[in-house]
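The numbers here are math on the coordinates, done by the rules we state, and not lab data. A quick note: this is a predicted structure, and the numbers were derived from the prediction, not measured. Cβ placement follows ideal geometry from the backbone for every residue including glycine, while neighbour counts extend to all protein chains displayed.
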Amino acid sequence: MGKRVAVCAVEQTGFFTNLWQKRFQEMAFDIVEPIIRKTGVTFDMATGIRNIITCSDDVFDARTISDNAMTDAVGAHYRGEEKVTMDGINAIGYGLACVLSGHDDIILIVGHCKESQSESRDMVTNLAFDPFYYRPLGLDFKNVAALQARAYMNKSGVTDEHLAKVVVNSRKNAALNPAANARELLTEEQVLKSPMTCDPIRLLHEYPVSDGAVAMLLVCEERASEFTDKPVWISGFANCMDSYFLGDKDLVGNFSLKKAAERAYRKAGVKNPAEEFDLVEVNDCFAYQTPMWLEGLGLCGEGKGSALIDGGGLKTCNVNKSGGMLAGNPLMIGGLARAAEAVIQLRGEAGDRQVEGAKKALAHGTTGAAGQFHSVLVLDSE
Amino acid sequence: MAEYFGTTVDDIFSTQTERFRPEGAEGVDAVIAYDISGAGGGRWMVAIGGGKSETKKLDSLPAEFTAKMITDAETFVGMTVGRIDGMEAFQAGRVRAEGDMAMLLRLPQMFTKYVPPKKPITARDIIETAVDRFQPQYAQELDVTVGYDFTGKGGGQWTAVIKDGKCTLEEGLRDNLTVSNIVSAEDYVDLMLGKLDPMVAFGSGRLKLVGDMELAMKLPKIFAKFVPSEEAEAVEELIVLKKIISVDMEYSTGPVMGQFFEGLMEKKILANVCPKCGRKQLPPREVCAPCRCRADEFVEVGPGGEITMIDDTYYASPDPLTGETRETPYGSLHVLLDGCKDNETFWHMLKKNDLFDAQPGDRVRPVWADERTGSVNDILYFEKVR
């Protein structure tokens, strides 16, 4: 076994539909401050943070090389700073590499996104597509997800009623998570009666427009105890890319998710994912993705998403105790927020939603249309 | 006279005066000298003043001029007809300027663009493309000579020699031609452009074919259809896809940026101060970057100050919000506002009339917009205090 890297601190802003009171820079500084205060970490070039990894989006922040705007707010003045432009959970993989390579002892990760800044989130995700073949056809993450939703529901016997159960479960969990955006309880009937935005996706199947930021402090094993007495260990991380062009991929094959999970589990020594995790956080932008990603992660059998929901598996497997992305995290940091919840749970700091005795957690992130890119992170408290 | 891109340097200068736009040259009194080397080059002078312009070809350049352009004939024509990028040519050293560079950059406002006249296609233009249009797959085992005898205005005589799957073109008619086309040059052009039907021309005797008629019938295959170069260019043009990215966005200002903009509406320039290092930030931002702490205290600075740096800009990009392009040249400046020190400078625009007059160290003051909305444009520009 090689050296290990610990998550020694995690902070999140809490998530809101429109955090109009703040610029996004201040939103980020709001969580950098408590990381400094609580851990005592410094920016001393010999012993402190000398490299920072940020995550932000050029379009939402309306500038190219969007991390340049973050320098002041993330403490990057006169030191290394790099950006991931996919989900912020990949910053954890990046930070892991920085520490394991011996270049850094400490990495500060700060991911942010203010979706409320754009006139329409769908117009922003339209820009993710090929400008000449796909954008003129009006594709965005939502209507492409609907294609995948229909195909997945046909394959796994998931119905509109199942999806209503997924949303109700998300809200039940979110109600106990002070950081979640959508915390009002819903009934299955309310979900079933919500307007169809893109068949089979209903309004309440979508995550709400959200603003927020997440920060983490990664530290090498030798120095973790300087910053916390509750380190959470990164035991496996992997990601995998699938085709950009939709026609090239099997929409319900979960190919890239399975590959990412396989590699992360191998590194973490996970043999039986359905039984080993005390809690699971999946990056579900739309309700159908909760069971679909669970299938890809091997937490239920292939095509058994509906059976998992019917059997109460969302509860017994402790799926998305945070409420999940469905309860509202912005794009770019949906996966990073999943990792944040996993760390909070493994530290035993999840309050009313705490999974008792949680020792091993799975956090998942996805970027791009219909799960083009997936990232899988395994965390342990011991 | 040497042609480049179908145009000579003389073509351009001979139309210079008629392309003059007095409305683009208000207040201009200048002499522009051109020193153009290479075949077809020469020396010219363009005088502009009092709402008039005059162009002269000279043996030697005047000693007094406002600006001088030194280039070669091909580059000059290429830039004028839009086939060579002026900025690239300038950077590559193919164009040099002396004197008032800004005056040269104003030329597009003072003269309309030179548009080469369309030249009619001649029989010579067409027959000279015969070798290029030759299709050997239809001329296997041929050993023939084809004569072209174009009569009348624009006429001439050519012989196409086809042998061993190759075609060569000679001026003049060979003896013992296999077949000969006799037609007026004008009709030949019309025939080749598809304006005159060959059967009608032949039937009416306007086209005479002498010799091997079977070969004559094969000629439209042996030589591919003539495509005028303009059309040929249009056919060969690459497909270019244009995209405009546009998503309306709305940004919070938060308390810090908000206070700064509110100050501008009241004609006040506010800086925020770091409680640790005492550094002022202009424009104010929430965090002092070196100290990594909040900077919540505000102080009013300026509004007058001293120039620390000026930047003269000779190009302008359109403002993406309004689509308007500001006039060039324009000046940007760093101002050390009263009450600030070291690097606590403020970046804004310089009044146009002060551009070539203002110096670092000069005193300046802001000129405020009458209607202020809480934006950086509430200050129109800084002007020199005289």
Out of all the residues in the range A:2-45, which are at positive phi and either more than 14 Å from every other protein chain (Cβ to nearest Cβ) or in contact with a Cys (Cβ under 6 Å, 6 or more places away or on another chain) (or both)?
A:Gly14
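With respect to A:Met86, determine if the residue is more than 9 Å from chain B (Cβ to nearest Cβ), surrounded by fewer than 24 Cβ atoms within 10 Å (Cβ to Cβ), of a type outside the set (Gly, Ala, Ser) and under 18 Å from A:Ala339 (Cβ atoms).
Working: more than 9 Å from chain B (Cβ to nearest Cβ): yes; surrounded by fewer than 24 Cβ atoms within 10 Å (Cβ to Cβ): yes; of a type outside the set (Gly, Ala, Ser): yes; under 18 Å from A:Ala339 (Cβ atoms): yes.
Taking the combined requirement at face value, the residue satisfies it.
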Tally time: how many residues in the range A:120-140 are crowded, with 20+ Cβ neighbours inside 10 Å, more than 10 Å from chain B (Cβ to nearest Cβ) and part of a helix (DSSP H, G or I)?
1
Scan the range B:333-349 and tell me whether some residue there is aromatic (Phe, Trp, Tyr) and closer than 18 Å to B:Trp368 by Cα.
yes
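For the range A:198-316, give me every one of the helices (runs of 4 or more DSSP H) that falls completely inside it and has 3 or more residues that are more than 26 Å from A:Tyr94 (Cα to Cα) and under 18 Å from the mean Cα position of the chain (by Cα).
Values: elements: A:255-268, A:273-276, A:289-296, A:305-310, A:313-316.
Where helices (runs of 4 or more DSSP H) fall fully within the range A:198-316 and carry at least 3 residues being more than 26 Å from A:Tyr94 (Cα to Cα) and under 18 Å from the mean Cα position of the chain (by Cα), they are A:289-296.
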Determine, yes or no, whether B:Arg292 is over 41 Å from the mean Cα position of the chain (by Cα) and over 30 Å from B:Ser246 (Cα atoms).
yes
So which pairs qualify, if the first residue must be in the range B:363-386 and of a type in the set (Gly, Ala, Ser), the second must be surrounded by fewer than 17 Cβ atoms within 10 Å (Cβ to Cβ) and not in a strand (DSSP E or B), the Cβ gap must be under 6 Å, and the two must be at least 6 apart or on different chains?
B:Gly374/B:Met265
Kindly provide the set of residues from the range A:145-185 that are outside any helix (DSSP H, G or I) and either in contact (Cβ under 8 Å) with a residue 40 or more places away in the chain or among the small types (Gly, Ala, Ser) (or both), ordered by number.
A:Gly157, A:Val158, A:Thr159, A:Ala175, A:Leu176, A:Asn177, A:Pro178, A:Ala179, A:Ala180, A:Asn181, A:Ala182, A:Arg183
Could you pull out every one of the helices (runs of 4 or more DSSP H) wholly within the range B:145-225 that has 3 or more residues that are surrounded by 20 or more Cβ atoms within 10 Å (Cβ to Cβ)?
B:185-192
Scanning the range A:52-69 for residues that are out of contact with any helix residue (DSSP H, G or I) (no Cβ under 6 Å at 6 or more places or on another chain) and under 18 Å from A:Gly95 (Cβ atoms), which turns out farthest from the other protein chains (Cβ to nearest Cβ)?
A:Asp67
Answer yes or no: is there a residue in the range B:225-234 that is of a type in the set (A, V, I, L, M, F, W, C) and within 30 Å of B:Asp175 (Cβ to Cβ).
yes
Cβ-Cβ under 7 Å, sequence separation 6+ or interchain: first residue in the range B:88-111 and over 21 Å from B:Ser53 (Cβ atoms), partner of a type in the set (Val, Ile, Thr) and outside any loop (DSSP other than H, G, I, E, B). Which pairs?
B:Ala89/B:Thr75; B:Ala89/B:Val95; B:Arg94/B:Thr71; B:Arg94/B:Thr75; B:Val95/B:Thr71; B:Val95/B:Thr75; B:Arg96/B:Ile70
